[in-house]
1. First measure r as the distance between the Cβ atoms of S69 and K26, then evaluate 1/(1 + (r/R0)^6) with R0 = 22 Å and state the FRET efficiency to the nearest 0.05.
2. Can I get the semi-axes of region 1-49's equivalent ellipsoid? Compute them from the C-alpha gyration tensor as square roots of 5 times the eigenvalues, in angstrom, largest first.
3. Determine how many Å³ per residue the convex hull of the Cα atoms of region 133-180 encloses.
4. What ranking do L87, L6 get, fewest neighbouring Cβ atoms within 10 angstrom at the top?
5. Just check region 1-125 against the gyration tensor rule for me: Cα atoms, a ≥ b ≥ c as the square roots of the eigenvalues, rounded for a/c under 1.5, and otherwise prolate or oblate depending on whether a/b exceeds b/c.
6. Counting only residues 5 or more places away or on other chains, whose amide H sits under 5 Å from the amide H of S102 once H atoms are built in the peptide plane?
7. Would you mind ranking D58, D153, D28, D100 by Cβ crowding within 10 Å, fewest neighbours first?
8. Taking the Cβ of each residue in L162, L90 as the centre, tally the other Cβ atoms inside 10 Å and list the residues starting with the fewest.
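What follows is calculated from the coordinates using simple rules that are stated; it is not laboratory data. Fair warning: this is a prediction, and the values are worked out from it, not measured in the lab. Every residue, glycine as well, gets a Cβ built from its backbone with ideal geometry; the counts of neighbours run over all protein chains shown.
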Amino acid sequence: MSDILLSLIGMILLSPVFIILILAIKLDSRGPVLFKQKRVGINKTHFNILKFRTMKIDTPKDTPTHLLSNPENYITRVGRFLRKTSLDELPQIWNIFRGDMSIIGPRPALWNQYDLIAEREKYGANDVMPGLTGWAQINGRDELPIDVKASLDGEYVKKMSLSMDVKCFFGTIVSVMKSDGVIEGEVVRSHEDRLASDKETVSK
C-alpha cells in the first residue's frame with residue numbers, strides 16, 4: 001500500500017518532468033514515447049515493464065542492441081541522455097502503482113534471462129516483488145556478473161527492512177548522480193539488455 005501511495009505522489013510531483021521528457025522524445029525522433037518489455041515479476045510471473053523509448057523506430061526488431069552493427073546510429077540523442085541518467089526508467093512508477101513492482105527490490109529480469117532467474121532461485125529472490133532499484137544497483141549495477149548480482153539480491157531478501165530500503169533509496173540517488181556502474185559506450189547501458197535476445201517492443 002505504501003508503494004502505491006508513494007508512486008501516486010511521485011507521478012503527481014514528477015508530472016512536469018514527464019511532460020518535458022515526452023516533448024523532448026517526440027521532438028527528437030518519430031515514434032511512440034513509451035515501449036514495453038516482458039519482465040519477470042514476483043513468483044516468476046510475467047508483466048510488461050514500461051520505459052521511455054530511447055531508440056529509433058527503424059531499429060531492427062528482435063535484435064539486442066549489442067548485436068547491431070552500428071548501435072550508436074539507432075540510439076536517439078535524447079535516448080543517450082535518458083540512458084545515462086536512468087530517466088528512461090521513470091515510467092515504471094506506473095508499474096509500481098499497478099502493483100507489478102515495488103520501489104525497492106531486485107531489478108526485474110528479462111523473461112528469457114534464464115541464468116539470472118536460476119541464480120536468484122537459490123536465494124529466494126524470485127519470491128519477492130521486483131523493484132525500481134535495489135541493493136545490487138548501488139553495489140555495481142551493470143558491471144556485476146550474474147552470480148554476484150543474484151547474491152546481492154539474496155542479501156537484500158535476507159535483510160529486508162525499512163532501514164535497508166532507505167539505504168537503497170539514497171544510495172541509488174548517489175549512484176545515478178555519479179553514473180556509477182553504468183556501461184554506456186554509446187552502445188548499451190544495461191547488463192540485462194546485453195544478455196537479452198529481445199529488443200525494445202514499442203507499446204501501442
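1. Details: r = 27 Å, r/R0 = 1.25.
After rounding, the FRET efficiency stands at 0.20.
2. Details: eigenvalues 128, 77, 4 Å².
After scaling each eigenvalue by five and taking roots: 25, 20, 4 Å.
3. Values: hull volume 2.5 nm³, N = 48.
Once divided by residue count, the hull of region 133-180 is 52 Å³.
4. Numbers: L87 19, L6 15.
Fewest-to-most ranking of L87, L6: L6, L87.
5. Numbers: a/c = 2.48, a/b = 1.16, b/c = 2.14.
Oblate is the answer for region 1-125, as a/c is 1.5 or above yet b/c matches or exceeds a/b.
6. Counting only residues 5 or more places away or on other chains, the set is G131, L132.
7. Details: D58 11, D153 27, D28 15, D100 21.
Placing the least packed residue first, the sequence is D58, D28, D100, D153.
8. Values: L162 9, L90 20.
Arranged by neighbour count, lowest to highest, L162, L90 become L162, L90.
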